[in-house]
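This report concerns only the one structure given below.
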Amino acid sequence: MRRFLLASVFCALAGTGTAGAATLDSLQWDYRVIAVFTATASAGQDAADTLEHTAGIAERDIAWFVITPDGTQSNLSTSIDRASLTALHEADGFEAVLVGKDGGVKSRQTDELDVDAFFGEIDTMPMRQREMREK
């Protein structure tokens with residue numbers, strides 16, 4: 001964890017990334033992130049359509065990103081440094097990654113995007129439990 005924090009501080013001080021673009025670090029504590037990596041634009045569009053039409057995304061403070069060879073789609077209006085997202089991609093081909101508000105990777109899916117499974121994981125997290133009690 002300490003190494004991660006030091007790397008984050010170094011990157012912020014060094015000014016790495018796309019000018020004016022957010023990074024995963026800048027989303028920490030505000031959003032949970034779902035990053036979906038697909039090999040084709042059409043598969044990416046299918047994933048983006050699924051995420052766009054899934055109830056509960058905003059309620060769970062989720063920022064989602066669909067990364068294809070052609071570009072990135074998101075529910076945020078802020079652009080994001082693509083390199084900060086691609087650093088999450090470990091599998092060959094399709095992968096969906098859930099990142100918690102604390103910045104840690106919580107889950108990976110390599111077969112297909114299962115938003116309900118991600119929601120189930122999120123809803124058992126202590127921070128989410130607290131959010132649900134406070135609403």
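The values are calculated or read from the model by the stated rules, or taken from the named source; none is laboratory data. The model shown is predicted, which means the values in this text are computed figures rather than measured ones. With ideal geometry, Cβ positions are generated from the backbone for all residues, glycine too; neighbour counts draw on all protein chains shown.
For the structure I just gave you, tell me whether G56 is more than 14 Å from the chain's Cα centre (by Cα) and part of a loop (DSSP other than H, G, I, E, B). Yes, satisfied. Taking the residues in the range 1-40 that are exposed (fewer than 15 other Cβ atoms within 10 Å of the Cβ) and in contact with a strand residue (DSSP E or B) (Cβ under 9 Å, 6 or more places away or on another chain) as candidates, determine which candidate is modelled with the lowest pLDDT. Ranking the candidates gives T18 first. So in the range 91-125, with the set limited to residues that are acidic (D, E) and either in contact with a Gly (Cβ under 6 Å, 6 or more places away or on another chain) or not in a loop (DSSP other than H, G, I, E, B) (or both), which one is surrounded by the fewest Cβ atoms within 10 Å (Cβ to Cβ)? Residue satisfying both the conditions and the ranking: D116. Scanning the range 23-43 for residues being over 19 Å from V99 (Cα atoms) and assigned to a helix (DSSP H, G or I) gives a total of 3. Between T78, T68, T54, the distinction of being of a type in the set (V, I, T), more than 20 Å from A117 (Cα to Cα) and modelled with pLDDT of 95 or more belongs to T68 only. For R128, the conditions (1) free of Cβ contacts under 8 Å to residues at least 40 places away in the same chain; (2) assigned to a helix (DSSP H, G or I); (3) surrounded by 12 or more Cβ atoms within 10 Å (Cβ to Cβ) all hold with the exception of (1).
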